[in-house]
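The structure appears right after this line, and notes come after that.
The values are calculated or read from the model by the stated rules, or taken from the named source; none is laboratory data. Worth saying up front: this structure is predicted, and the values here are computed from it rather than measured. Methodologically, a virtual Cβ is constructed for each residue, glycine included, from the backbone with ideal geometry; neighbour enumeration extends over all protein chains shown. For the accessible areas, the whole protein counts, side chains as well, though only heavy atoms, and no ligand, DNA or RNA atoms are used. Shrake-Rupley method; radii C 1.70, N 1.55, O 1.52, S 1.80 Å.
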Amino acid sequence: MTPTLPQRILVVDDDKDICQLCSDILINSGYRVDMAENGEAGWQMLHGTRHDPDSYQLLITDNNMPRLSGIELIKKLRLASMALPVILASGTAPLDSEWLRLAAILLKPFSVDQLVDTVRVVLHPVNQARSPDENFIGQS
């Protein structure tokens, strides 16, 4: 039996410290992580793996970034018919029902536990058919 590789996540954030911190947390939680410094770089990485069997299982993106915002990145992803699960991690995330159908929302600032728990919920196959209200995860 071939061992399964850890799930691969792309973290996109223009704040290098936040990007590195999220990456470190996720790597320590058993995931493989790549980073991109803005939405355009993230799109290039996602688009390049579109037909790769070892492509990403999750995108975590900030919203307010130069070149291409997180929302614009998600729109490009969906227009390209890429069904990749997305977590929009932002302090300025849209909270209307349209966006809750396109991405899970993780409000900044968030804790280590909130990040790891959100990733687990989004990646767990049982939770793929959640209602829009269950996509909102953030500060209580």
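I need the full set of residues from segment 112-140 which are open to solvent by 50 Å² or more (accessible area, probe 1.4 Å) and modelled with pLDDT of 90 or more, in order please. Those that are open to solvent by 50 Å² or more (accessible area, probe 1.4 Å) and modelled with pLDDT of 90 or more: VAL112, ASP113, ASP117, ARG120, VAL121.
With respect to (1) modelled with pLDDT of 95 or more; (2) assigned to a helix (DSSP H, G or I), the lone exception for LEU10 is condition (2).
In segment 17-40, the residues that are touching a residue at least 12 places away in the same chain (Cβ under 8 Å) form Cβ pairs under 6 Å with partners that are in a loop (DSSP other than H, G, I, E, B) and open to solvent by less than 30 Å² (accessible area, probe 1.4 Å), at six or more places apart or across chains, as follows: CYS19/ASP13; ASN38/MET65; GLY39/MET65; GLY39/LEU68; GLY39/SER69; GLU40/LEU68. Among the residues of segment 1-41, the one identified as within 12 Å of the chain's Cα centre (by Cα) and open to solvent by 60 Å² or more (accessible area, probe 1.4 Å) is MET35. Give the number of residues within segment 38-63 that are more than 19 Å from SER81 (Cβ to Cβ), out of contact with any Asp or Glu (no Cβ under 8 Å at 6 or more places or on another chain), in a loop (DSSP other than H, G, I, E, B) and modelled with pLDDT of 90 or more. Selection size over segment 38-63: 1.
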